[in-house]
Amino acid sequence: KTIGTIGEFTGNGQPWHIRMELTEPHLPCTPHPDFAALYQAEDIPEWGSFEESFENKPYIQKQMLYNWRLENYTWEDWAPIVSRYYAIITQLDDAIGRVLKALKRMGLEQNTIVVFTSDHGDMCGGHRMIDKHYVMYEDIVKVPLIVKWPGHYEGGRTVDQFVYNLLDMVPTLLEIAGAKPPAFLQGRSLCPLLKGEAVPDWRKEVVATYNGQQFGLYTQRMIRTDSWKYIWNTTDVDELYNLNQDPHELINRIHDPEQQNRIKALRRRL
């Protein structure tokens, strides 16, 4: 449908903007058998966070396992689910690839900006959990953002900066289109970063919020720097993770006496 719409709009000779909304990957993952056959459960490596003990973690995290009846799941139980998760992502990649090939076939590749991103991640067995609620682990808050514009942005380059994928994309696309972004927008144009330019005053942190869904209004606020993540949980213990030493976020440092000044500073900044 997207490819047909591109052909229709291009035939009119006018600029166009198309959003291809894809629900995948989303549980329950039901990939086509051709894609499911690409991954075998016994070959799926265990997530680094799977040995989660929930020690010194908010009560609701461990309780979620009981709500979903996952408390006794081993990696052998999770591996087939994760294999289907991989398969549905590969199926998604294939669909996007067909659109990119169509752009090239229609002679539109050099004059079309393609953006790929997501609204959130999925635990899918990370920390032994499922779904996306009441956690601020990297599994959920760190999402892909890929921008493709041949002849303008160098391909295959990674921008190691804090980006708000949706807030920043609006001023980015407006700048590309030659329009001045309104002052009230909270995001910043990514154009300098996409061009490989240095931006000395770029943000040094990113924040995220969660206002409750399922199982009650569980409110959270998160601030993340290069090395640390602090999570303010309204009704339970807060969380602090050293992402350099503990990339899988297994050890909550919130009660560490040596980190109290850091916690105060992050709370104030948040």
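The values are calculated or read from the model by the stated rules, or taken from the named source; none is laboratory data. Every value quoted in this text rests on a predicted model; they were computed, and no experiment measured them. Methodologically, a virtual Cβ is constructed for each residue, glycine included, from the backbone with ideal geometry; neighbour enumeration extends over all protein chains shown. When the accessible area is computed, the model is the full protein with side chains, heavy atoms only, and any ligands, DNA or RNA have been set aside. Shrake-Rupley method; radii C 1.70, N 1.55, O 1.52, S 1.80 Å.
The relative contact order of the range 1-153, computed from alpha carbon pairs under 8 Å that lie at least 6 residues apart in sequence, is 28 percent. Spin-label model, ALA102 to PHE9: label points 7 Å out along the Cα-to-beta-carbon direction sit 1.1 nm apart.
Coupling constants for the range 43-52 follow from the phi torsions by the Karplus curve (6.51 cos²θ - 1.76 cosθ + 1.60, θ = phi - 60°), and in residue order they are 9, 7, x, 5, 4, x, 9, 5, 7, 5 Hz; glycine and proline get x. Applying a DSSP loop filter and a limit of 16 other Cβ atoms within 10 Å to the GluC sites (Glu not before Pro) in the range 101-192 leaves GLU154.
I need the GluC sites (Glu not before Pro) found in the range 1-102, filtered to DSSP loop residues with at most 15 other beta carbons within 10 Å of theirs. Here the GluC sites (Glu not before Pro) that fit, given the DSSP loop and packing criteria, are GLU21, GLU46, GLU51, GLU55, GLU71.
Assigning unit charges at the beta carbon (Lys, Arg +1; Asp, Glu -1) and nothing else, what dipole magnitude in debye, to the nearest 20, does the range 3-58 show about its Cα centre? Intermediate results must be reported in sequence, preceding the final value.
Numbers: 2 positive and 10 negative charges, 90 e Å.
With Lys and Arg at +1 and Asp and Glu at -1, about 440 debye.
With a cap of 15 neighbouring Cβ atoms within 10 Å, and only residues DSSP puts in a loop, list the trypsin sites (Lys or Arg not before Pro) found in the range 156-210.
Numbers: sites: ARG157, ARG188, LYS195, ARG203, LYS204; in loops: ARG157, ARG188, LYS195, ARG203, LYS204.
Within the range 156-210, the qualifying trypsin sites (Lys or Arg not before Pro) (loop, at most 15 other Cβ atoms within 10 Å) are ARG157, LYS195, ARG203, LYS204.
Remark: the range 162-167, residue by residue, has Karplus-estimated 3J(HN,Hα) of 7, 10, 8, 4, 8, 5 Hz, where x stands for each Gly or Pro and the curve is 6.51 cos²θ - 1.76 cosθ + 1.60 at θ = phi - 60°.
Please list, by residue number, everything in the range 212-256 whose backbone N is under 17 Å from a paramagnetic label point 7 Å out along Cα→Cβ of LYS264. Residues passing the 17 Å test: 254-256.
Per residue, the chain reaches -8500 deg cm²/dmol at 222 nm when only DSSP H runs of four or more residues are counted, each adding -39500 (n - 2.57). Its relative contact order, with pairs defined as Cα atoms under 8 Å and 6+ residues apart, puts the chain at 15 percent. The share of accessible area on the range 199-243 that comes from carbon and sulfur is 54 percent, using a 1.4 angstrom probe. Between ASP43 and GLU154, what is the label-point separation in nm under the 7 Å Cα-to-beta-carbon projection? Between GLU154 and ASP43, the simple spin-label model gives 3.4 nm. Rolling a 1.4 Å probe over the protein heavy atoms gives the chain an accessible area of 60 Å² per residue. Taking 0.36 nm per residue of separation and subtracting the Cα-Cα distance, full extension of the segment from ARG203 to VAL114 would add 29.6 nm.
Suppose the chain between ASN67 and LEU166 were pulled fully straight at 0.36 nm per residue; how much longer would it get relative to their current alpha carbon spacing? It would help to have the intermediate numbers written out before the result.
Values: separation 99, 0.36 × 99 = 35.64 nm, distance 3.16 nm.
Working it through step by step, the gained length comes to 32.5 nm.
Only lysine pairs 8 or more places apart, or on different chains, with alpha-carbon atoms under 25 angstrom apart are counted in the chain, and they number 29. With both labels modelled 7 Å from their Cα along Cα-to-Cβ, the ASN211 to LEU243 distance reads 2.4 nm.
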